[in-house]
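Everything on this sheet refers to the single structure shown next.
The values are calculated or read from the model by the stated rules, or taken from the named source; none is laboratory data. Bear in mind that the values here come from a model prediction, so they are computed numbers and not experimental data. All Cβ positions, glycine included, derive from the backbone under ideal geometry; neighbour counts span all protein chains shown. For the accessible areas, the whole protein counts, side chains as well, though only heavy atoms, and no ligand, DNA or RNA atoms are used. Shrake-Rupley method; radii C 1.70, N 1.55, O 1.52, S 1.80 Å.
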Amino acid sequence: MSAFSVQPLIEGKALPMLLRAGEAGQPLGESLPVLRAAIDRYLTDSGGIVFRDFSLDGPDAFRAFAADFGHPLLTYEFGSTPRSQVASGVYTSTEYPPHQYIPLHNEQAYSRDWPMKIWFYCMQSALEGGETPIADSRAIYRDMPPAIRERFAGKGVMYVRNYGNGLDVDWQQVFGTDSRSEVEAYCARHDIECEWKEDGELRTRQVCQGTAQHPVTGDWVWFNQAHLFHVSNLEPEVRESLLDVVEDEADLPRNVFYGDGSTIEDETLSTVRTVLERHKISFPWQTGDVVMLDNMLTAHARAPFKGPRKVIVAMAEAHRQG
């Protein structure tokens with residue numbers, strides 16, 4: 001009996017590869033030594049792997065599996081979305097309402113520090129929907145119109161965030177502290193400009209990469225979250241309501257500009273979203289599935305869903321853009 005089999009999950013596509021247990025219920029953690037060579041090969045070549053028909057006994061076993069790759073699991077500091085910690089280094093997936101679609105993105109590409117590896121464990125698949133679509137960031141880079149690609153590569157991207165005020169995640173949750181001095185120290189270490197506003201809330205600005213080069217493969221990838229942070233990502237009525245509340249666009253919970261502070265055109269990001277959508281690969285979760293992604297090579301998303309759904313996440317192998 002083979003310990004596992006390997007094949008594309010979707011015929012004709014290299015992403016993702018499916019590693020299936022040779023015998024249903026085979027413990028995933030105990031199988032890692034025999035899986036490791038295949039993981040090393042296919043994670044780099046493909047960018048993503050689905051582990052299926054293995055057994056994994058809850059969040060602690062998931063944490064142990066991810067940690068066994070040899071890097072400490074990362075905390076979700078400087079996060080951009082609400083999450084809850086499930087176990088040490090293990091978090092819920094983004095806690096947005098089930099009807100909302102979360103567009104394709106690479107984890108923490110809005111920062112100059114990000115995880116190289118990310119794992120998703122489907123403890124309970126939704127009754128309907130709830131897929132975690134993925135996409136090849138190398139293919140997205142190649143398919144992006146050259147003028148847009150060169151503009152993002154040359155100028156970079158400036159992310160502006162205003163925390164709290166009931167409009168976005170509080171800075172205390174984002175930075176994991178109630179101490180202003182600790183926030184200021186974190187920002188100084190990570191080249192983030194921060195200011196305390198008159199109402200006591202925090203605003204940050206950080207210039208980050210628009211594209212990036214993978215440190216192992218040398219491949220160039222599309223690597224930013226401009227399409228998520230830009231005001232054009234909001235539904236028109238939500239955009240108008242927010243502007244009524246904050247009065248000044250500078251106080252929107254989040255917005256994004258080119259790295260030199262100039263405006264990113266709505267039309268540009270419409271094109272970016274079209275390219276991303278063109279490369280989206282979607283497949284249904286099966287309860288018990290684990291997905292492992294190279295976070296630079298592969299973007300991920302979340303589809304709307306109905307019924308209970310529980311997907312948890314772990315991240316490791318911190319990388320910093322020089």
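For the chain, the longest principal axis of the Cα atoms and the long axis of helix 28-45 meet at an angle of about 60 degrees. Residues in the range 117-122 carry Karplus couplings, in order, of 10, 9, 10, 10, 10, 8 Hz; the curve used is 6.51 cos²θ - 1.76 cosθ + 1.60 with θ = phi - 60°, and Gly or Pro positions show x. With a 1.4 Å probe and all protein chains left in place, how much of the accessible area of the range 136-209 comes from carbon and sulfur atoms, in whole percent? Within the range 136-209, the accessible surface is 44 percent carbon and sulfur. Shown in residue order for the range 54-59 are the 3J(HN,Hα) couplings computed by the Karplus curve 6.51 cos²θ - 1.76 cosθ + 1.60 at θ = phi - 60°: 8, 9, 8, 8, x, x Hz (x for Gly and Pro). Applied to the range 129-139, the Karplus parametrisation 6.51 cos²θ - 1.76 cosθ + 1.60 on θ = phi - 60° returns per-residue 3J(HN,Hα) values of x, x, 5, 10, x, 10, 7, 7, 5, 5, 5 Hz, with x for Gly and Pro. By the gyration tensor of its Cα atoms, with a ≥ b ≥ c the square roots of the eigenvalues, what is the shape of the range 100-181: rounded for a/c under 1.5, prolate for a/b over b/c, or oblate? Taking the square roots of the gyration eigenvalues as a ≥ b ≥ c, the range 100-181 is oblate. Taking Cβ separations below 4.7 Å as the criterion for a possible disulfide partner, the isolated cysteines in the chain are 122, 208. Rounded to the nearest 500, the helix-only mean residue ellipticity at 222 nm of the chain stands at -8000 deg cm²/dmol, with each DSSP H run of n ≥ 4 adding -39,500 (n - 2.57). Computed over protein heavy atoms with a 1.4 Å probe, the accessible surface of the chain works out to 44 Å² per residue. Among 230, 196, 217, whose Cα sits farthest toward the positive end of the charge dipole of the range 122-243 (+1 at Cβ of Lys/Arg, -1 at Cβ of Asp/Glu, about the Cα centre)? Result: 217.
Residues whose amide H falls under 5 Å from that of residue 75, counting only those 5 or more places apart or on a different chain, are absent, with hydrogens built in the peptide plane. Rounded to the nearest 20, the Cβ-based charge dipole of the range 161-235 about its Cα centre (Lys and Arg +1, Asp and Glu -1) stands at 220 debye.
Taking the square roots of five times each eigenvalue of the Cα gyration tensor of the range 179-225, the equivalent ellipsoid has semi-axes of 31, 12, 6 Å, listed largest first.
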